[in-house]
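Structure record follows, encoded as structure tokens.
We did not get these values from a lab; they are worked out from the coordinates using the rules stated. Please read all numbers here as calculations on a predicted model, not as lab measurements. Note that each Cβ is placed from the backbone with ideal geometry, even for glycine, and that neighbours are counted across all protein chains shown.
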Amino acid sequence: MIRTLIVDDVGSVRRSLRALLETTDDISVIGEASGGIQAIGLARALRPDVVLMDLRMPDGDGLDAVEALSGIGVTDPIPVIVFTTFHLDEYLYGAYERGAVGFLLKKNPGDIPAAIRAAVNANALQSPAVRERLLADYARGSHRARRTTRAGAEPAAEPRLVDMLTERELEVVAALAGGLSNKQIAARLNLGENTVKWHIRNMLDKSGATDRTQLALWAVRHGLNP
């Protein structure tokens, strides 16, 4: 059973999400929080498998909560899926840069169960429109103007992950950037599906990326599209 914490400041939304998730056979709701500060405390106390997080809340910013639970340097991070009404660049990029493993829009609640299942398997799922926007924007390089610290300083140079990957790993990550599933990558490269999973796990370890989406974005930035 996948143990999930729901975070939203609107009680009716929390009740709707709980009702949706409780119709599944493999997902349970172990708690609810109405703001970011409360979410951090509950998540650390209850240790859910996944946190479903709204962003705009009066009691603590959702992005700060994402970073506190799953950001770089967090010991034993908890996967966080952002679930929001607002499809704004500052939230989209901010969520991924703070450590979120998925980004969904509230107008598509049916995507939530699949996203939760993907998160616990170190995958990521976001609305198709969100994924297309991310990849296109990263391919143009326009995201770099946004990637600054909250103090306004330029970010540190990225490590040369490309030098750390084997030729086969580069082929796998390029196919991943094309949106292919493990099964499709295996068929394209004439590999076993377990071998594909092994390569992806190795690339996640080498890069420090938390999920497939971050690897895919890195591939696009480095021109590794299939």
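In straight-distance terms, cross-link reach from LYS197 covers every one of the lysines whose alpha-carbon lies under 16 Å from its own, apart from those fewer than eight places away in the same chain; here that gives LYS183, LYS206. The lysines whose alpha-carbon is closer than 18 Å to the alpha-carbon of LYS106, local same-chain residues fewer than 8 away aside, do not include any residue. Checking every one of the trypsin sites (Lys or Arg not before Pro) in segment 1-84 against DSSP loop status and a limit of 16 other Cβ atoms within 10 Å picks out ARG56.
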